[in-house]
Structure formats: C-alpha cells, structure tokens
Amino acid sequence: MTKALYLYDCYLKEFDAKVLSVTDDKYVVLDQTAFYPSSGGQPHDTGVMLCDDVEYLVIYVGKFSGSISHEVTKPGLKVGDTVHCKIDWNRRYTLMRYHTGSHVLIGFFSNELGAKITGNQLGVDRSRIDLNIQNFDRELFEKMIEKSNDLIKKDLPVKFYDMTREDVLKDPQLIKLAAGLPEGIKNLRIVEIEGFDKQPDGGTHLKSLKDIGTIKFLKADNKGANNRRFYFTLE
C-alpha cells in the first residue's frame, strides 16, 4: 500500500519514491507519494517524475483498491526504479486555498443553520458547494461569505489529527456530510480550524487562514427540494 505523504505534510513539493508496479506502461504505483489522488471533491495533483534524466509527466492520480496510481504520458518506468517527483505547486496551492476556504464557509452554514453538505467540487478558478438548506436566498449566501471573510482576517491556525470512528460518531457536530461518514473507515483524519470548526477530511489544506485570500460570491442555483448550490471564487 502506498504511503500518502500529503496527509502528513500538505506543503511537500518534492519527494523520492520507489516504483512498486507499472500497468500498461503508464499507470505507476509508488511506495509513497505526495501527489493527491482525485477524491472528496478535490481534483488530483499533476506534476512530473524524473528517472535517469528522463521526465515523465503525471497527468492523473487516482486511488484504486487502496493503492494510489499515477498516470504518466510515456512508457519507460519499471518496477524497482527510483523516481524524483515534483508536484505542480501552483495548482496544488490554489486547490489548498479553495479547500480551506470551503471549510470556513461550511463551518458558518453548519453552525448557524445546521446545514449539511450534499455535494462539492473544488476548482482552480472557482468552486461550488451544495447544501441542504431550505431557503434560496442570495442575501443569505452573501452574509455567510461576509462572515467567512471576517474570520479569515483573524488568521486562525489549521491543525490535523486522527480520531476513531467511534469518537467521531459521539460528536454529531463533526459530521458535515448529509450522507454521513464513509463506510469502512475506522480512523478518520480531522481538519480543525482552531476555535471555529472541525470535520473529517482527507484533503490538503493551508496552515492558516490568511492565505485563503478573499472569498467572492459568484452565483447560486436551486437544485431541487432543500438543495442549494452556490459558486465562489477567491481573490
């Protein structure tokens, strides 16, 4: 099984790893990786693997049967090779800003309205969050964003730690997904904005809120009964 380095250090830009398997000359599994696989609404990382002065572009990363697979653009890597990997940091850092920003927004919707997440998708230009709130009210979204921007200015630290599934279930406030906790996971990684919000999450995040920037409301859509979608961007 691949060790997920991004869980321990979201700011790791380069790392060395050993090739464990290669399928169809382009799907590469490493013994450890800092490349984030597409999951939970956060898109995959991209970047490059270097081996014997040959560059292999990483264009997709996904998780399959517990292993993180990296799709590269050309053949040549083989089992046992040592590779030096570099993440496209601009893309990753942008996604980290959006992900931490979404946690601030979700924290206010959850704490003040009891809303749960019904869907989400992060992007590098804009992101969206779906919530099971009743009212379709632009002023409500703008109010939550204003509060979020005020909190961001306080530059609260973000920290990470693990909790057992049993302990998470004892605190309903931790569970922000309308669908509940994913099945089969015994230990969950908690992302906490100190003194404000905490929730299970396996994605990459900033160390503090100031680097989010300013959240700007774009638009909102009515997606059916008690399901509202809103889009935001960062400045």
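The values are calculated or read from the model by the stated rules, or taken from the named source; none is laboratory data. If you're wondering where the values come from, they're calculated on a predicted model, not measured in any experiment. Cβ sites come from the backbone with ideal geometry, for glycine too, and all protein chains shown count toward neighbours. Ligands, DNA and RNA are stripped out before the accessible areas are found, and what is left, the full protein with its side chains, is counted by its heavy atoms. Shrake-Rupley method; radii C 1.70, N 1.55, O 1.52, S 1.80 Å.
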Qualifying residue in the stretch 205-217 (condition: small (Gly, Ala, Ser) and out of contact with any Leu (no Cβ under 8 Å at 6 or more places or on another chain)): no
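Working only within the stretch 95-131, note down all residues that are β-branched (Val, Ile, Thr) and under 17 Å from Val191 (Cα atoms). Steps first, please.
Initial filter on the stretch 95-131 (β-branched (Val, Ile, Thr)): 100, 104, 106, 117-118, 124, 129.
Hits for the stretch 95-131 are Thr100, Val104, Ile106, Ile117.
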Members of the stretch 64-99 that are under 30 Å from Ile152 (Cα atoms) and charged (D, E, K, R): Lys86, Asp88, Arg91, Arg92, Arg97
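Does the stretch 216-235 contain any residue that is within 15 Å of Asn111 (Cα to Cα), in contact (Cβ under 8 Å) with a residue 12 or more places away in the chain and surrounded by fewer than 16 Cβ atoms within 10 Å (Cβ to Cβ)? Break it down into steps so the answer makes sense when it comes.
Step one: of the stretch 216-235, the residues within 15 Å of Asn111 (Cα to Cα) are none.
Taking every residue of the stretch 216-235 in turn, none turns out to be within 15 Å of Asn111 (Cα to Cα), in contact (Cβ under 8 Å) with a residue 12 or more places away in the chain and surrounded by fewer than 16 Cβ atoms within 10 Å (Cβ to Cβ).
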Residue within the stretch 213-230 that is at positive phi and of a type in the set (S, T, N, Q) present: yes
Qualifying residue in the stretch 206-215 (condition: touching a residue at least 12 places away in the same chain (Cβ under 8 Å), of a type in the set (Asp, Glu) and more than 16 Å from Glu146 (Cα to Cα)): yes
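Quick check on the stretch 187-205: of everything there that is hydrophobic (A, V, I, L, M, F, W, C) and closer than 14 Å to Ser148 by Cβ, which residue is most open to solvent (accessible area, probe 1.4 Å)? Before you say what the answer is, go through the steps one by one.
Of all residues in the stretch 187-205, those hydrophobic (A, V, I, L, M, F, W, C) come to 188, 190-191, 193, 196.
Next, from what is left, pick out any that are closer than 14 Å to Ser148 by Cβ: 193, 196.
Details: Ile193: 3, Phe196: 44 Å².
Looking at the filtered set, the residue picked out is Phe196.
Take the residues in the stretch 95-148 that are within 15 Å of Thr214 (Cα to Cα) and of a type in the set (Asp, Glu), then tell me which one is surrounded by the fewest Cβ atoms within 10 Å (Cβ to Cβ).
Pass one, the stretch 95-148, residues within 15 Å of Thr214 (Cα to Cα): 95-105, 124-127, 141-148.
Next cut, of a type in the set (Asp, Glu) only: 125, 142, 146.
Details: Asp125: 8, Glu142: 14, Glu146: 13.
Residue satisfying both the conditions and the ranking: Asp125.
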Any chance Gly80 is surrounded by fewer than 21 Cβ atoms within 10 Å (Cβ to Cβ) and within 30 Å of Glu142 (Cβ to Cβ): no
Cβ-Cβ under 6 Å pairs, at least 6 apart or on other chains, the stretch 19-34 side on the phi < 0 side of the Ramachandran plot and of a type in the set (Val, Ile, Thr), far side crowded, with 16+ Cβ neighbours inside 10 Å and outside any strand (DSSP E or B): Val19/Leu77; Val19/Asp81; Val22/Leu77; Val28/Leu77; Thr33/Thr2
Residues that are over 15 Å from Met96 (Cβ atoms), part of a loop (DSSP other than H, G, I, E, B) and open to solvent by 50 Å² or more (accessible area, probe 1.4 Å), drawn from the stretch 39-75: Asp52, Asp53, Ser65, Thr73, Lys74, Pro75
Top-ranked residue in the stretch 149-186 [being in contact (Cβ under 8 Å) with a residue 40 or more places away in the chain and in a helix (DSSP H, G or I); ranked as most open to solvent (accessible area, probe 1.4 Å)]: Gln173
Of the criteria (1) touching a Ser or Thr at 6+ places or on another chain (Cβ under 7 Å); (2) modelled with pLDDT of 95 or more; (3) among the aliphatic types (A, V, I, L, M), which one Val191 fails: (1)
Selection from the stretch 11-38 of residues that are surrounded by fewer than 18 Cβ atoms within 10 Å (Cβ to Cβ), of a type in the set (Gly, Ala, Ser) and more than 21 Å from the chain's Cα centre (by Cα): Ser21
